[in-house]
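Note sheet for the following structure.
The values are calculated or read from the model by the stated rules, or taken from the named source; none is laboratory data. On a predicted model such as this, the values are computed, not experimentally measured, just so you know. As a convention, Cβ positions derive from the backbone with ideal geometry for all residues, glycine included, and neighbour counts pool all protein chains shown. SASA here: full protein model, heavy atoms, side chains in, ligands and nucleic acids out. Shrake-Rupley method; radii C 1.70, N 1.55, O 1.52, S 1.80 Å.
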Amino acid sequence: MKKLIMTLSAITTLIACKEEPKDYMTFSGTIIDKNSDSIVVSNKTYSKTIKVNEDGTFSDTLKIESGRYSFYDGGESTSLYLQNGFDLNMTLDTKMFDETIVYAGLGSETNNYLAKKSLMEETLFPPSLFDFEEADFKAAISEISAKKSEFLNNNKNIDSTLYASEMESLNQFESQYLEYYAKQEERNKARAAKFADLIGQPSPTFENYENFNGGDTSLNDLKGKYVYVDVWATWCGPCKAEIPSLKAVEKEYHDKNIEFVSISVDNGRGYKNKSQELAYEGWKKMIADKEMGGVQLFADNAFQSDFITGYKINSIPRFILIGPDGIIINPDAPRPSSPKLKKLFNSLNI
């Protein structure tokens, strides 16, 4: 009887000492070269602003529903998976935001998966995928699906709910993209109609834009040559994805009667306090780091520049082809990565 009482007492003690599940989580971290004095964790139904200290550290508790959230540091964002009970620590360097995100602590495996997935997908999709011919498009989608499947299978230890969601998304991936492709022709027709009135008109001009190589350049300085214009910014991911293809096309046509002109509309976005000065320095640094060729210009008033508004540009990248006589050939020309660009050049005997 005594033994029974002792046993029951021990069980009671174990039950009493058993830790109750936390109805909150802890989120902390360190941001090198912070963009802001706060970060925001949010989704459609939740938002919390967390103070970032002078040394870049932050820490807070969150009472949340399990699921996907967005992390925004005032300059860039990334995806999180959070749930009560997590004790998650994050480190990142804003100079190489996506490449430096690392998580530690409870919940880190799932969130490191999301960070690595984001990096992988930056190079997984060809920039002009929807310009491919149908057979090439289907082959590319099948290859991308296989790579996504392999990546997910190598990360089976992530949160089970997220894994199930990712698997469901993967199972629908190919059919969804084939459906998107079928609608591409309609989108192309609508986009072509939007800019149709510009074709055959004298091009809007730019005057005395600062040239990376020194001095100023105006559109009139390039008369007598075809001019292929790339409107871009250092904070624009799709713009940066086109740089290798632009360099390759420029190299192929370097001895032809065509100038490749890149116009930056950097306006402070993606830099501390949206600083125009930092954006300008970032423009020069990226051109040097990526060894960008052609004529590199800095717009005089970002998206409000006369040249930019004249072409109805409100999203980038945007590519334009102007004739040797200054007349607009294509106000929404194919991207450098698109197989349609060389077809256009060849049709003009460039």
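Take the solvent-accessible surface of the protein heavy atoms, probe 1.4 Å, and return the percent of it on the chain that carbon and sulfur atoms account for.
Roughly 50 percent of what the probe reaches on the chain is carbon or sulfur.
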(message) Can you list residues from other chains, or at least 5 along the same chain, whose modelled amide H is less than 5 Å from the amide H of Ser38?
(response) Val52
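As a test of reading the structure, rank Ile199, Ile287 by solvent-accessible area (1.4 Å probe, protein chains only), most first.
On the way: Ile199 90, Ile287 5 Å².
My answer, sorted largest first, is Ile199, Ile287.
Could you pull out the pairs from Lys95/Lys138; Lys138/Lys285; Lys138/Lys340 whose alpha carbons sit more than 29 Å apart here? Write down the numbers at each step before the final one.
Working: Lys95/Lys138 36 Å; Lys138/Lys285 38 Å; Lys138/Lys340 18 Å.
Where the Cα-Cα span goes over 29 Å, the pairs concerned are Lys95/Lys138; Lys138/Lys285.
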(message) Give me the net charge for the shell around Gln83: Cβ to Cβ below 14 angstrom, other residues only, Lys and Arg +1, Asp and Glu -1.
(response) -2
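Provide Asp136, Asp33 ordered by accessible surface of protein heavy atoms (probe 1.4 Å), highest first. Write down the numbers at each step before the final one.
On the way: Asp136 90, Asp33 65 Å².
Highest to lowest solvent-accessible surface, that is Asp136, Asp33.
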(request) Give me the lysines in straight-line cross-link reach of Lys247: C-alpha distance below 16 Å, same-chain residues under 8 apart excluded. (result) Lys256, Lys290, Lys342
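With every protein chain left in place, what is the accessible area per residue of region 310-350 in square angstrom, probe 1.4 Å? Kindly include the intermediate steps, with their values, before the conclusion.
Values: 1620 Å² over 41 residues.
Result: 40 Å² of accessible area for each residue.
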(message) Just the number please: accessible area per residue for region 31-134, 1.4 Å probe, all protein chains included, in Å².
(response) 50 Å²
(request) For the chain, give the share of DSSP beta bridges that are antiparallel, in percent and rounded to the nearest 5; count only bridges with both residues there. (result) 65 percent
(request) Would you work out which of Met96, Gln184, Asn220 lies farthest towards the positive end of the dipole of the chain, given +1 charges on the beta-carbon of Lys and Arg and -1 on that of Asp and Glu, about the Cα centre? (result) Gln184
(message) How large is the accessible surface of Arg191 in square angstrom, using a 1.4 angstrom probe and rounding to the nearest 10?
(response) 100 Å²
(message) Projecting each Cα onto the charge dipole of the chain (Lys/Arg +1, Asp/Glu -1 at the beta carbon, about the Cα centre), which of Trp235, Trp283, Ala146 comes out farthest on the positive side?
(response) Ala146
(request) With runs of 4+ DSSP H residues as the only contributors, calculate the mean residue ellipticity of the chain at 222 nm using -39,500 (n - 2.57) per run, divided by the residue total and rounded to the nearest 500. (result) -12000 deg cm²/dmol
(request) With θ set to phi - 60°, apply the Karplus curve 6.51 cos²θ - 1.76 cosθ + 1.60 along region 264-274 and write out the HN-Hα couplings as whole Hz, x wherever there is a Gly or Pro. (result) 7, 10, 4, 10, x, 4, x, 10, 3, 6, 6
(message) I want the local charge near Ser203. Using Cβ-Cβ distances under 14 Å, sum +1 for each Lys or Arg and -1 for each Asp or Glu among the other residues.
(response) -3
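Rank these residues by their accessible area, most exposed first, probe 1.4 Å: Thr217, Thr30, Thr309.
On the way: Thr217 15, Thr30 50, Thr309 75 Å².
Highest to lowest solvent-accessible surface, that is Thr309, Thr30, Thr217.
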(message) What do you get for the angle between helix 108-124 and the principal long axis of the chain? Use alpha-carbon atoms, 0 to 90 degrees, nearest ten.
(response) 20 degrees
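Which value, in debye to the nearest 20, gives the size of the charge dipole of region 196-271 about its Cα centre, when Lys and Arg are +1 and Asp and Glu are -1 at the Cβ? Working shown, then result.
Working: 7 positive and 12 negative charges, 39 e Å.
Dipole about the Cα centre, nearest 20: 180 debye.
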(message) I'd like the Karplus ³J(HN,Hα) series for region 242-254: coefficients 6.51, -1.76, 1.60, θ = phi - 60°, whole numbers in Hz, and an x wherever there's a Gly or Pro.
(response) 7, 4, x, 5, 4, 5, 5, 5, 4, 5, 5, 10, 5
(request) Scan [x] 33; [y] 14; [z] 23 for the value of percent of Cα pairs over 38 Å apart calculated from this model and give just the label. (result) [x]
(message) Which GluC sites (Glu not before Pro) in region 159-264 sit in a loop by DSSP (not H, G, I, E or B) and have at most 16 other Cβ atoms within 10 Å of their own Cβ?
(response) Glu207
(message) Tell me which GluC sites (Glu not before Pro) from region 83-163 have a DSSP coil assignment and no more than 10 other beta carbons within 10 Å of their own.
(response) Glu133
